[in-house]
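Accompanying notes for the structure given below.
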Amino acid sequence: VFDDIRATRNTDYVNNLWRAIAVHPPTLERTWERVKTIMGTPGALDPLVKELIYIAVSVTNNCEYCIATHSAAAVSKGMTPEMMGELMAIIGLANETNRLAIGYRVPVDEKFK
């Protein structure tokens, strides 16, 4: 798996996440295949959009490691500081309104179902 990570990313570096989960080879293999397929395969979403979504989920889950690695990946794909600022504003807003909707137990409007 490490050889495939190096080849796919065209690097000699294998980051700490992969080294940590390598203690359980089935998890390493399964996770790498999913990351490679979802994040690395062209699809309906632009590669930068995929990274922005990953950052948003990572911020919400408070995963410092994933925020750092996917922010670096997003910058390599064209994210600007202005884009990061706007993304953080959206994340903050979504988390706030999500909590309000949950707290008030707001029923979903029929027209949105």
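The values are calculated or read from the model by the stated rules, or taken from the named source; none is laboratory data. Keep in mind the model is a prediction, meaning the values are calculated, not measured. Methodologically, a virtual Cβ is constructed for each residue, glycine included, from the backbone with ideal geometry; neighbour enumeration extends over all protein chains shown. Heavy atoms of the whole protein, side chains included, go into the accessibility calculation; ligands, DNA and RNA do not. Shrake-Rupley method; radii C 1.70, N 1.55, O 1.52, S 1.80 Å.
Taking the numbered list (1) free of Cβ contacts under 8 Å to residues at least 40 places away in the same chain; (2) in a helix (DSSP H, G or I) in turn, T69 passes all entries but (1). Scanning for something over 27 Å from D3 (Cβ atoms), more than 16 Å from the chain's Cα centre (by Cα) and either among the small types (G, A, S) or open to solvent by 100 Å² or more (accessible area, probe 1.4 Å) (or both), does the range 68-84 turn up at least one residue? Yes, because at least one residue in the range 68-84 is over 27 Å from D3 (Cβ atoms), more than 16 Å from the chain's Cα centre (by Cα) and either among the small types (G, A, S) or open to solvent by 100 Å² or more (accessible area, probe 1.4 Å) (or both). Quick check on the range 4-41: of everything there that is under 16 Å from the mean Cα position of the chain (by Cα) and outside any helix (DSSP H, G or I), which residue is farthest from C63 (Cα to Cα)? Among those residues, the one meeting the criterion is T41.
Among the conditions (1) more than 30 Å from E86 (Cβ to Cβ); (2) assigned to a loop (DSSP other than H, G, I, E, B), the only one that N62 does not satisfy is (1).
Within the range 23-36, count every residue that is over 28 Å from M88 (Cβ atoms) and surrounded by fewer than 16 Cβ atoms within 10 Å (Cβ to Cβ). Adding up the residues that qualify gives 8. With respect to (1) open to solvent by less than 70 Å² (accessible area, probe 1.4 Å); (2) over 24 Å from R6 (Cβ atoms), the lone exception for Y104 is condition (1). Exactly one residue out of N95, N62, N15 is open to solvent by 50 Å² or more (accessible area, probe 1.4 Å) and not charged (D, E, K, R): that is N62. Can you say whether L48 is out of contact with any Lys or Arg (no Cβ under 8 Å at 6 or more places or on another chain) and either in contact (Cβ under 8 Å) with a residue 12 or more places away in the chain or exposed (fewer than 15 other Cβ atoms within 10 Å of the Cβ) (or both), as far as the supplied structure shows? In short, no.
Regarding Y54, is this residue open to solvent by 40 Å² or more (accessible area, probe 1.4 Å), at pLDDT 95 or above, farther than 20 Å from R6 by Cβ and of a type in the set (S, T, Y)? When the stated conditions are applied, Y54 passes them.
Residue pairs whose Cβ atoms lie under 7 Å apart, separated by 6 or more positions or on different chains, with the first residue in the range 83-105 and closer than 27 Å to A72 by Cβ and without any contact (Cβ under 8 Å) to a residue 40 or more places away in the chain and the second of a type in the set (A, V, I, L, M, F, W, C) and part of a helix (DSSP H, G or I), are L87/L52; L87/I55; L87/A56; I91/A56; I91/V59.
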